[in-house]
Amino acid sequence: MATSDATLKAEGGEQKGEEEEEKEKPSEAAVGVGQGEEARDLPGPLQTPRRTSRRECQLRVLTEQHPLQYRWVLWFFKNDRSRAWQDNLQLVTKFDTVEDFWATYSHIKLASKLSSGCDYALFKEGIQPMWEDNRNKRGGRWLLSLAKQQRHTELDRLWLETLLCLLGESFEESSKDVCGAVVNIRTKGDKIAVWTSEAENQTAVMHIGQVYKERLGLSTKTIIGYQAHADTAAKSNSLAKNKFVV
């Protein structure tokens, strides 16, 4: 069952509150509970019933996991021209619950703090963040280009909202067409893109673009375009023509 956006955001808020309350035990809040390590301390079905402490009630709540529709993989790319492109791509972690997503997000650098030339990519398990992947090669991307000054004012909010759109299945039936999302940190201006699997599936592509633009809170005057990967690959030295716009 898909996790709603409300659950994702609520869990994010609750986690922040729990982290503040449990600062003296960060490993327990960030690692132990997330992996279910505290379960052995709870009373078993054959043990004599006893009064449940407030701490145990909190642990029961914390160990309830909210599953995501898909298992997701977070990738990190750091541009090193002395190495092959694939060698610069590193798998950071995998997760399939709301709790593990927030644990991951709270322990990595914000996109705005990355060095120029670095990327974050979040893709469904089994899909690599590259055009050549079989699930990507017939697809394309909704691309949002940011001005340089937006890195410190808008980038982190827009990237997080993009992640929540993916994880919360915000595109409804069209969510199955979503492969992942990428944020590129670049000197001339950062970019965020949502990748889909079929550039010719206009109905799904347009629905994704319309919902995405609305979720980001972009004004009607702001135009974002959809580019097919095949067109982008053919025009590596210039921007590909937009196939669709919203």
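The values are calculated or read from the model by the stated rules, or taken from the named source; none is laboratory data. Since the model is a prediction, treat every value here as computed from it, not as a measurement. Cβ placement follows ideal geometry from the backbone for every residue including glycine, while neighbour counts extend to all protein chains displayed. Only protein heavy atoms, including side chains, enter the accessible area calculation; ligands, DNA and RNA are left aside. Shrake-Rupley method; radii C 1.70, N 1.55, O 1.52, S 1.80 Å.
Does V194 fit the bill of being surrounded by 15 or more Cβ atoms within 10 Å (Cβ to Cβ), closer than 30 Å to H152 by Cβ and without any contact (Cβ under 8 Å) to a residue 60 or more places away in the chain? Here the answer is yes, as V194 does meet what is asked. Just a yes or no: is a residue in the stretch 150-158 among the basic types (K, R), over 23 Å from R135 (Cβ atoms), open to solvent by 60 Å² or more (accessible area, probe 1.4 Å) and not in a helix (DSSP H, G or I)? No - not one qualifying residue is present in the stretch 150-158. Could you check, for the stretch 162-180, whether at least one of its residues is touching a helix residue (DSSP H, G or I) at 6+ places or on another chain (Cβ under 7 Å), under 13 Å from L144 (Cα atoms) and open to solvent by less than 60 Å² (accessible area, probe 1.4 Å)? Looking for residues that are touching a helix residue (DSSP H, G or I) at 6+ places or on another chain (Cβ under 7 Å), under 13 Å from L144 (Cα atoms) and open to solvent by less than 60 Å² (accessible area, probe 1.4 Å), one finds none in the stretch 162-180, hence no. Anything in the stretch 181-233 that is assigned to a strand (DSSP E or B) and aliphatic (A, V, I, L, M)? List them, or say none. Within the stretch 181-233, A181, V182, V183, I192, A193, V194, A228 qualify.
Conditions (1) in contact with a Lys or Arg (Cβ under 8 Å, 6 or more places away or on another chain); (2) surrounded by fewer than 15 Cβ atoms within 10 Å (Cβ to Cβ); (3) modelled with pLDDT of 95 or more; (4) of a type in the set (K, R), marked per residue:
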site	(1), (2), (3), (4)
V73	yes, no, yes, no
R81	no, yes, no, yes
W85	no, yes, no, no
T93	no, no, yes, no
T97	no, no, yes, no
Y105	no, no, yes, no
K113	no, yes, yes, yes
S116	yes, yes, yes, no
